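In what follows, a structure is listed as structure tokens, so that the remarks can point back to it.
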Amino acid sequence: MSILSERPAATGLPITPLGPNFGAELHGIDLGRLDDDQVLALREALVAYKVLFVRGQHGLDDAAQIEFGRRLGEVTVGHPVHDSGDVAPEVYSLDSQDNGFADVWHTDVTFVRRPPAISVLRAVVLPPTGGDTNWADSQLAYESLSPGLRAHIDTLTAVHDGSREFGYYLAQRRQGQGNLWEGEVFTSLTPVEHPVVRVHPESGRKGLFVNPGFTSHIAGVPEHESRGLLDILYAHLTKPEHVVRHRWQAGDVALWDNRSTAHYANRDYGDQHRVMHRITLQGDVPVGPATA
Ligand SMILES: O=C(O)CCC(=O)C(=O)O
Ligand SMILES: [Fe+2]
């Protein structure tokens, strides 16, 4: 029996859930021509399903992708330090011929005070095979930890450090001159602290908010303890039961909620070319259980 259940949403969006709570596909809509009710429904579906896949968006170019983003929220510049070259400032281009890989589990740009809430990714050039992307449900992962561990990590904060992935790039390629992100020009990547457990500002659900890409350590505990605990949390977050995997086709767009997910792009396509264009929507300062 197929786990897919065609469920006509009350809102009129044709949503096919990929599981009970995580991931859904949308067919038969044009992201460039949504009416206001559909935009609202999409926004709600994004919080509910955390990652949405929209097929057949062949007409969407960078400008239309940005325009679509503006209907959902405040579009940021593409990245705090990366320069994507000959594209609009809002676009972050991941080009395999320019070291644009995302083969480490991460949540986007958590190394700033207000990480982006939502990302919208469009396939521009796809390899003939491979290059799938995986998303992990950080809320389900949190909820399926034992109560004792949940209570413990509810109290912790962690340090997020963008210099691990982008420090060399900022120093060498950008000569210490990053982009203007929310009024701040990034000349260095100063580590920031976020709660280990994030309370989602819209749904109120708690989720793990640490990621191997940018989290350097848990604050205020010995290094070996931090390492051990993070390893447990990462292994749990990325269990197959918590993950959906998307096999890209031309015209696909994926949208995800960075407040409740992490993701990883498979680097398994050899020398083939792969280009993805991402835009991000402004988020808020992550809040933990103690202050929620
Ligand atoms: O290349 C991909 O599939 C995902 C890249 C990524 O991490 C992102 O767009 O945020
Ligand atoms: Fe990413």
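The values are calculated or read from the model by the stated rules, or taken from the named source; none is laboratory data. Given the structure is predicted, the values throughout are model-derived calculations rather than measurements. Cβ coordinates were reconstructed from backbone atoms using ideal geometry, including for glycine residues, and neighbour counts include every protein chain displayed. Keep in mind that these areas ignore ligands, DNA and RNA; they rest on the heavy atoms of the full protein, side chains included. Shrake-Rupley method; radii C 1.70, N 1.55, O 1.52, S 1.80 Å.
Can you tell me which of 145-156, 211-222, 273-284 comes out highest on packing, and rank the rest after it, using the mean Cβ neighbours within 10 Å?
Order by mean packing, descending: 273-284, 211-222, 145-156.
By the scheme Lys and Arg +1, Asp and Glu -1, what is the net charge of all other residues having a beta-carbon under 12 Å from that of Q38?
Residues close to Q38 contribute a combined charge of -2.
For segment 194-292, report the accessible area per residue in Å² (1.4 Å probe, heavy atoms, rounded to an integer). Provide the component values of the computation, followed by the final result.
Working: 4020 Å² over 99 residues.
I get 41 Å² per residue for segment 194-292.
Express the carbon and sulfur contribution to the solvent-accessible surface of segment 166-245 as a percent, rounded to the nearest whole number, probe 1.4 angstrom. Numbers along the way, then the final one.
Numbers: 2120 of 3990 Å².
Its accessible area is 53 percent carbon and sulfur atoms.
What number comes out for accessible area per residue over segment 13-68 if the probe is 1.4 Å? Units Å², please.
Working: 2300 Å² over 56 residues.
On a per-residue basis, segment 13-68 sits at 41 Å².
State which helices in the chain qualify, where a helix is a whole DSSP H run, it must extend 20 Å or more along its own axis by its Cα atoms, and its mean Kyte-Doolittle hydropathy must be at least -1.0.
Details: long enough: 223-237 (21 Å, -0.16).
Flagged H segments are 223-237.
Which percent of the accessible heavy-atom area of segment 9-54 goes to carbon and sulfur, probe 1.4 angstrom? Mind showing how you got there, number by number?
On the way: 980 of 1920 Å².
Solvent-exposed carbon and sulfur of segment 9-54 make up 51 percent of the total.
For labels at T238 and H224 in the simple 7 Å Cα→Cβ model, what's the distance in nm?
The modelled label-to-label distance comes out at 2.4 nm.
Rank by packing, highest mean first: peptides 258-264, 159-165, with packing defined as the count of other Cβ atoms within 10 Å averaged across residues.
Values: 258-264: 26.3, 159-165: 20.4.
Ranking, from highest mean packing down: 258-264, 159-165.
For segment 61-156, restrict the atom set to alpha-carbon positions and state the Rg and Dmax in Å.
For segment 61-156, the Cα radius of gyration and maximum Cα-Cα distance read 16.8, 50 Å.
Would you mind putting 17-28, 95-106 in packing order, based on average other-beta-carbon counts within 10 Å, highest first? Don't skip to the answer; put the middle values down first.
Working: 17-28: 17.2, 95-106: 15.1.
In descending order of packing, they fall as 17-28, 95-106.
Please build a GNM for the chain, connecting alpha carbons under 10 Å apart, and tell me which residue among A265, A48, A250 fluctuates the most.
A250
Considering only the other residues whose Cβ falls under 12 Å of the Cβ of V91, what net charge follows from Lys and Arg at +1 and Asp and Glu at -1?
Values: positive: R122, R278; negative: D61, D62, D83, D86, E90, D95.
Charge balance near V91 sits at -4.
What number comes out for the charge environment of A290, summing +1 per Lys or Arg and -1 per Asp or Glu over other residues with Cβ under 14 Å away? List each step's numbers first, then the result.
Details: positive: R150, R198, K206; negative: D154, E193.
Combined, the nearby Lys, Arg, Asp and Glu give +1.
Subtracting the Cα-Cα distance from 0.36 nm times the residue separation, let me have the gained length for A250 to Y168 in nm, one decimal.
Working: separation 82, 0.36 × 82 = 29.52 nm, distance 3.26 nm.
Value of the extension gain: 26.3 nm.
Any idea what log10 I(q)/I(0) is at q = 0.10, 0.14, 0.17 Å⁻¹ for the chain, Debye with uniform C-alpha scatterers and no solvent?
Results for the chain at q = 0.10, 0.14, 0.17 Å⁻¹ read -0.52, -1.06, -1.57.
Can you list residues from other chains, or at least 5 along the same chain, whose modelled amide H is less than 5 Å from the amide H of R205?
H200
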